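Below is one structure, written out as structure tokens; the observations come after it.
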Amino acid sequence: MTLEAEDVRTIEKFALQNAVKYGKSPQIGAVMGRVMGECPNLRPRAKEIAPVIEKILKDVSEGDPKSWRRQLEALAPELIEELNVKKEPEKGLKPLDVEEGEKVVMRFAPNPNGPPTLGSTRGIVVNSEYVKKYGGSFIIRFDDTDPQTKRPMLEAYGWYLEDCRWLDAVPDKVVIASDRLPVYYKYAEKLLGLGHAYVCFCKGEDFKKYKDSKEPCPHRGQTAEENLKYWKKMLAGEYEEKEAVVRIKTDIKHKDPALRDYGVFRIVKTPHPRPEVADRYVVWPLLDFEGAIEDHELGMTHIIRGKDLMDSEKRQGYIYDYLGWKYPKTTHWGRIKIHEFGKFSTSGLRRAIEEGEYSGWDDPRLPTLRALRRRGILPQAIRKFMIDMGVGETDVSISLDTLYAENRKLVDISSNRYFFVWNPVELEILGTSPRTARPPLHPTEDRGCREIEVGTKLYVCQEDVDNLKVGDSIRLKDLYNIEITSITPLQGRYIGASVEVVRKERIRIIHWAPIDGVHVTVLAPHGKFEGIGEPQVAGELDHLVQFERFGFCRIDSVDNGIFAYFAHK
């Protein structure tokens, strides 16, 4: 296949950079990766292009290190400089490019088709943190102009604002895009009148043929008067869905097909879920248009967006150029992959909830802020987790263990300790009498003790019983020592309360629960656990406690037994 001269130049410069960097023939894998990142128009044809890249790499390989460096200095000196810069791993937020006297204005723009997830939380925290740092303004803009495919949830608007408050990221202004269609219409008419946009009646497959062949469609040459007439008919509902779209005129021969005369308005006759909007409009802006207009109208100075949306900036650049606007300073970041959740989408989670796979948006198995909050994860831990991740184009793959470690630092001192026995087995103690156990509420803080009345029977975990045999000595934590005399039924003999014996003989220590304890259910990402806990746990409603040898849990309800959400170990 034949490549355009610019694409060939791109391949050559990255091949030369790879050769200079390692002092040997360039490697196709590394070069292919850089080329695909630089030339999105080539991605769909990666298999076809590979042999062409191999041919170019073969030609480069015939040189030597001196010639490679000489050629690279002539072709792309900036890549030589890139090799000379030592890249240190970044942690935290790097400084913004802020001009003297400039007031920083930043935004987070979610589609409210579900509550915030860990993925979207990064945008909330980082944008709000930058604004705090520079004394600027933080805006929440709901991009809800798709009432059909990514249909908004009415509850989600409030959920976002609630979670923003919880994260200490209260916005200075809230904008709802579906309230502002007249603003978008005004700019559409201006662009149509200036001849920078047109109404296209091509079927989707027909326009794709024109676009792929770099040819204008038959409607591109319509006069401004004709386009404005068709536009008014669109607004009046005289066309059906997919019958007409508004397109921005770009470079029809642009090397990237995604940038050739892209659509900015389409007809959608599905009513919007917000009653204030309902069926008032049938012409809706696409995200690139709505976002471009709002970023200007709201005075955005800096934008952080995913690197997968780099094309958005290029598409929106045409609108800014046509209207004489200056584009905000833009930073791109890579995707987040949370090991425990893998890939997730709000629409996918919504379907799973509707199908009964999850109990709701706060199910502890979900990556939503609502779920994390109910589990007892603190907002300070989430903010630090997100800020430490930094802002960079490298994709981030991270474990929730990092978040849990931050949370543990915050909750360890404040969380009282209690016994919870899951999969309980009754244990009878011989040779003892009823007494009161007084385990400390906290191992290091002077917070007093809880009192547990103990008879001659109590509960222990089945998994502890599985490892026992007759003759074993064990210590019941904060109570006394016993020797196992029978497995079925489970019985033990009191042999004293000395802690020194436990240390000297390395006797195993297990926890326990009183026979008259309360029923406890713990819902966790890794399963549901039922058992017996100390009665005093009922006094910890809405608090985070540590069930010893089990983990930190938030007590969610105490009405019919104890119901808790697992936070982490």
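With the requirement that a residue be in contact with a Phe, Trp or Tyr (Cβ under 9 Å, 6 or more places away or on another chain) and on the phi < 0 side of the Ramachandran plot, what does region 537-555 give you?
Val537, Glu540, Leu544, Val545, Gln546, Phe547, Glu548, Phe550, Phe552, Cys553, Arg554, Ile555
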Residues of region 481-497 being among the β-branched types (Val, Ile, Thr) and either in contact with a Ser or Thr (Cβ under 6 Å, 6 or more places away or on another chain) or crowded, with 18+ Cβ neighbours inside 10 Å (or both), in sequence order, are Ile482, Ile484
More than 27 Å from Lys504 (Cβ to Cβ), assigned by TED's automatic domain parsing to the domain that holds Pro379 and not aromatic (Phe, Trp, Tyr): does that describe Asn416? no
Could you tell me which of the residues Thr402, Thr394, Thr330 is of a type in the set (Ser, Thr, Tyr), out of contact with any Phe, Trp or Tyr (no Cβ under 6 Å at 6 or more places or on another chain) and either part of a strand (DSSP E or B) or surrounded by 19 or more Cβ atoms within 10 Å (Cβ to Cβ) (or both)? Thr330
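Out of all the residues in region 349-370, is one or more touching an Asp or Glu at 6+ places or on another chain (Cβ under 6 Å) and under 26 Å from Ala564 (Cβ atoms)?
Looking through region 349-370, at least one residue is touching an Asp or Glu at 6+ places or on another chain (Cβ under 6 Å) and under 26 Å from Ala564 (Cβ atoms).
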Which listed residue, of Gly533, Gly539, is touching a Gly at 6+ places or on another chain (Cβ under 7 Å) and at pLDDT 95 or above: Gly533
Of all strands (runs of 3 or more DSSP E) completely enclosed by region 422-491, which ones contain at least 3 residues that are modelled with pLDDT of 95 or more and of a type in the set (A, V, I, L, M)? 424-430
Are there any pairs with C-beta distances below 8 angstrom linking a residue in region 483-505 that is on the phi > 0 side of the Ramachandran plot to a residue that is part of a strand (DSSP E or B), with the two at least 6 apart or on different chains, and if so which? Gly496/Tyr480; Gly496/Asn481
Subset of region 510-541 [in contact with a Lys or Arg (Cβ under 8 Å, 6 or more places away or on another chain), of a type in the set (A, V, I, L, M, F, W, C) and over 16 Å from Pro440 (Cα atoms)]: Ile515, Val522
Residue check: is Gly324 outside the structural domain of Lys249 (by TED's automatic domain parsing) and out of contact with any helix residue (DSSP H, G or I) (no Cβ under 9 Å at 6 or more places or on another chain)? yes
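Is it true that some residue in region 356-371 is at pLDDT below 90 and in a helix (DSSP H, G or I)?
The answer is no; no qualifying residue exists.
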Among (1) within 28 Å of the chain's Cα centre (by Cα); (2) touching a residue at least 12 places away in the same chain (Cβ under 8 Å); (3) under 28 Å from Glu38 (Cβ atoms); (4) not assigned by TED's automatic domain parsing to the domain that holds Val199, where does Leu298 come up short? (3)
Only residues that are over 21 Å from Arg165 (Cα atoms), among the basic types (Lys, Arg) and free of Cβ contacts under 8 Å to residues at least 60 places away in the same chain: list them for region 340-389, please. Lys343, Arg351
Going by what's in this entry, would Asp321 be described as in a loop (DSSP other than H, G, I, E, B) and either of a type outside the set (Ser, Thr, Tyr) or under 30 Å from Asp556 (Cα atoms) (or both)? no
Test: Pro275 is over 30 Å from Ile124 (Cβ atoms) and not small (Gly, Ala, Ser): no
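The values are calculated or read from the model by the stated rules, or taken from the named source; none is laboratory data. These figures come from a predicted structure and were not determined experimentally. Neighbour counts run over all protein chains shown; Cβ positions are idealised from the backbone, glycine included.
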